[in-house]
Amino acid sequence: MKNSFNYFVSGSFAFLGLLCITSGVAIPKLAANTETNSVVKLSVTQKQVSFCKSNEIKLADINVEVNNPLSTNAKDYLKTPNDIDTSIINRLKLDTSNVNVNQVGSYTYTITYNKKIYNGTVNVKSKALPQVDIMTLKSLSFETNTKLSLDVTTYIKEQLAPEVVAAVRLDISNVDVTKPGRYLYSISYNGKLYTNTITIYEPKFGTTTNDSTIKDNIVNKDDSNTNINTNKNS
């Protein structure tokens, strides 16, 4: 009987010892798993916050070269398209009907969302003009009452590219073809002003500029902001 009791006590202590050992191994593992799960959950939460979009509609100023088409995609007119949900962008209504891409200037475009209208600006800019190193004007003579040509190539010695000719501005407003005299005319291109003279004469006196019947009626336009080149034939 005494031996049975001793066996019982020994077995009980052995079981308790095994239980303690098992608990010592299992509890740290359980704690580690709990900590891992917590870290994973925190990581997911931070990722969700970082990808949250403001969905604030801000329009950009658009610059386009004259005679070039405008985009029809509303996304191209947003300052921060990546900060707006695609579902919202797809519902934006773009209106560029007030923009004239064939004329230089600033125009207003609109984008409408949920009945709210947002205004933006389209700047239509002129094309960069080719550089012209030399432009020499002719000194010309015409009989009285001659109709002066409006073709700028009539007044320029050099042969110019078509895009240059299209951008040249001729001014013959000072020339009075009804009165003999020497008049100043001008051509402007890309910020520079070129000048020379047109002589108007009576047919019977020929074209000599030394004739006493030829009077100087030259009027010089003084523009301090313009480069002036005067070219005369030798």
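Residues in segment 116-134 that are surrounded by 10 or more Cβ atoms within 10 Å (Cβ to Cβ) and in a strand (DSSP E or B): Ile117, Tyr118, Gly120, Thr121, Val122, Asn123, Val124, Lys125. Within segment 129-146, does at least one residue satisfy the condition of being without any contact (Cβ under 8 Å) to a residue 24 or more places away in the chain and more than 30 Å from Asn63 (Cβ to Cβ)? Looking through segment 129-146, none of the residues is without any contact (Cβ under 8 Å) to a residue 24 or more places away in the chain and more than 30 Å from Asn63 (Cβ to Cβ). Quick check: anything in segment 170-179 among the hydrophobic types (A, V, I, L, M, F, W, C), touching a helix residue (DSSP H, G or I) at 6+ places or on another chain (Cβ under 6 Å), within 30 Å of Tyr201 (Cβ to Cβ) and at pLDDT 95 or above? Looking through segment 170-179, at least one residue is among the hydrophobic types (A, V, I, L, M, F, W, C), touching a helix residue (DSSP H, G or I) at 6+ places or on another chain (Cβ under 6 Å), within 30 Å of Tyr201 (Cβ to Cβ) and at pLDDT 95 or above. Taken over segment 82-111, the criterion of being crowded, with 16+ Cβ neighbours inside 10 Å and either of a type outside the set (Phe, Trp, Tyr) or more than 26 Å from Ala128 (Cβ to Cβ) (or both) is satisfied by Ile84, Ile89, Leu92, Leu94, Thr96, Val99, Val101, Thr110, Ile111. Is segment 198-219 home to any residue that is in a loop (DSSP other than H, G, I, E, B), under 30 Å from Val101 (Cβ atoms) and either open to solvent by 40 Å² or more (accessible area, probe 1.4 Å) or at pLDDT below 95 (or both)? Within segment 198-219, none of the residues are in a loop (DSSP other than H, G, I, E, B), under 30 Å from Val101 (Cβ atoms) and either open to solvent by 40 Å² or more (accessible area, probe 1.4 Å) or at pLDDT below 95 (or both).
Just one of the listed residues (Leu94, Leu170, Leu148) is assigned to a loop (DSSP other than H, G, I, E, B) and of a type in the set (A, V, I, L, M), and it is Leu148.
Taken over segment 166-192, the criterion of being open to solvent by less than 40 Å² (accessible area, probe 1.4 Å) and β-branched (Val, Ile, Thr) is satisfied by Val168, Ile172, Val175, Val177, Ile187.
Just to verify a result, which residue in segment 141-165, among those that are among the aliphatic types (A, V, I, L, M) and open to solvent by 30 Å² or more (accessible area, probe 1.4 Å), is farthest from Asn68 (Cα to Cα)? Filtering first and then ranking leaves Leu150.
The values are calculated or read from the model by the stated rules, or taken from the named source; none is laboratory data. Because the structure is a prediction, the values reported are computed rather than measured. Neighbour counts run over all protein chains shown; Cβ positions are idealised from the backbone, glycine included. Each accessible area value is taken on the protein alone, full model and side chains, heavy atoms only, with ligands, DNA and RNA left out. Shrake-Rupley method; radii C 1.70, N 1.55, O 1.52, S 1.80 Å.
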